[in-house]
Amino acid sequence: MTKRARQALADLMAETDVLLTPSAPGAAPKGLGSTGVATFNRLWTLMGTPCVNVPGLQDSAGLPLGVQIVGRFGRDREALAAARFLEQALAAAQG
């Protein structure tokens, strides 16, 4: 089953270098009691694809909002490069 799912994902991303998705359903929780909900990156972990959280956004209360870059299986370098590009672009936009 996992092999078929990985092949379906590879087919879906055949013409895509990376995906940009939310890291979580909302902002990071207040305090240090929890790291938040991992629901939005669990699929990528199961598929073995690189998934890089990129900081740089905030909600109206100033809590961090994460986005993530998801790369193709075996293409970790490209995912990291895209994450770096996005991180630099967010930093430049803020000032």
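The values are calculated or read from the model by the stated rules, or taken from the named source; none is laboratory data. All values derive from a computational prediction rather than experimental measurement. Ideal geometry is used to build each Cβ from the backbone, glycine not excepted, and the neighbour counts take in all protein chains shown. Ligands, DNA and RNA are excluded from the accessible area calculation, which covers all protein heavy atoms including side chains. Shrake-Rupley method; radii C 1.70, N 1.55, O 1.52, S 1.80 Å.
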Practice prompt. Just the Kirkwood number for the chain, please: inverse of mean 1/r across all distinct Cα pairs, in Å, one decimal.
Written response: 14.3
Fill in: FRET efficiency estimate (nearest 0.05) - Cβ-Cβ, ALA61 to ALA38, R0 25 angstrom
0.70
Worksheet item: Tilt of helix 76-94 relative to the longest C-alpha principal axis of the chain, in degrees (0 to 90, nearest 10)?
Response: 30
Worksheet item: Which cross-chain or sequence-distant (5 or more) residues have an amide H under 5 Å from the amide H of ALA24, H modelled 1.01 Å from N in plane?
Response: GLY66
Worksheet item: Using alpha carbons only, how many degrees (0 to 90, rounded to 10) separate the axis of helix 2-12 from the longest principal axis of the chain?
Response: 80
Practice prompt. Tell me the trypsin sites (Lys or Arg not before Pro) within region 1-53 that lie in a loop according to DSSP and have at most 13 other beta-carbon atoms within 10 Å.
Written response: LYS30
Worksheet item: Accessible area per residue of the chain at 1.4 Å probe, in Å²?
Response: 71
Discussion item. Calculate the FRET efficiency for GLU15 and ARG84 from the Cβ-Cβ distance with a Förster distance of 35 Å, rounded to the nearest 0.05.
Written reply: 0.95
Worksheet entry | Unit charges at the beta carbon, dipole of the chain: most positive-side option, GLY56, THR2, THR21 | THR2
